[in-house]
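Report on the following structure.
None of the figures in this text is laboratory data; all of them are computed from the coordinates on show. In this text, all values refer to a predicted model and were calculated from it rather than measured experimentally. We place every Cβ from the backbone using ideal geometry, glycine too, and count neighbours over all the protein chains shown.
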Amino acid sequence: MSKKEDKKSKKAKGAQEAVPEEPAPKAKKQKAGPAEPSRMKVHYSKDVVPALMKHFKYANVMAVPKLEKIVINMGLGEAIANAKIIDVAADELGKISGQRPIVTKAKKSIANFKLRQNVAIGAAVTLRGEKMFEFLDLLVSVVLPRVRDFRGVSMKSFDGRGNYTMGLRDQLIFPEIPYEKVDKIRGMNVTIVTTARTDDEARELLKQMGMPFRQ
């Protein structure tokens, strides 16, 4: 073989080695389908709405009252002396609601309680949409039945504008809170805000959604 042919063969080999390998095609990500609505939301659409239309004889389905939001508020007066309590309570409230709460602060100073303006004194969370329905389902199906000697919630806790507020004495009735990690019992208020124009409409709405009212 001549020198020229030898050089040509070496160049051809080098060219073949220099050709980069084609990368393997990436697997296409499958798009996640729409999430299924919660059990309580389906119950509201299929059962509660027709029942309320029949009970109050609404002419239009848009007149049927519905849930607007649920507000969970935890007051922490002892946080004035120990600010770390706020972090613990906010963590518990986040586990209970499945949503990060906000820290509430004092709007004005009160000398008798040694309270200064803008000092953190509580935690609160507002639930809407799917999380609102899921929390209500958990509340009426699991949480309230776990209350010792439970005989139903009061029917007198409406505010005259279709909103209902109940007090819960401790956080241990929620299955998300481990008993061994609780440093102190803390109560909370749960406010259910509806679009009902009267307390009677709101009461029937919550009753149809499983709220165990005391007879």
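So what's the gap between the Cα centers of segment 146-162 and segment 166-215, to the nearest angstrom? Cα centres, segment 146-162 to segment 166-215: 8 Å. For labels at residue 84 and residue 39 in the simple 7 Å Cα→Cβ model, what's the distance in nm? Using points 7 Å along Cα→Cβ, the separation is 4.0 nm. Quick one: net charge of residue 56's neighbours, Cβ under 12 Å, K/R +1, D/E -1? That works out to +1. In order along segment 47-61, phi translates into HN-Hα couplings of 10, 5, 4, x, 5, 5, 5, 6, 5, 9, 6, 6, 7, 10, 5 Hz, rounded to whole numbers, per the Karplus curve 6.51 cos²θ - 1.76 cosθ + 1.60 with θ = phi - 60° and x for Gly and Pro.
So what does the Cα-only Debye profile of segment 161-203 read at q = 0.17, 0.28 Å⁻¹, as log10 I(q)/I(0), no solvent term? Treating every Cα as an identical point scatterer, log10 I(q)/I(0) equals -0.58, -0.91.
Report the full-extension gain for the segment residue 149 to residue 60: residue separation times 0.36 nm, less the Cα-Cα distance, to one decimal in nm.
Numbers: separation 89, 0.36 × 89 = 32.04 nm, distance 4.12 nm.
This chain segment gains 27.9 nm when fully extended.
Summing charges over neighbours of residue 193, with a neighbour being any other residue whose Cβ is under 15 Å away from its Cβ, gives +3 when K and R count +1 and D and E count -1.
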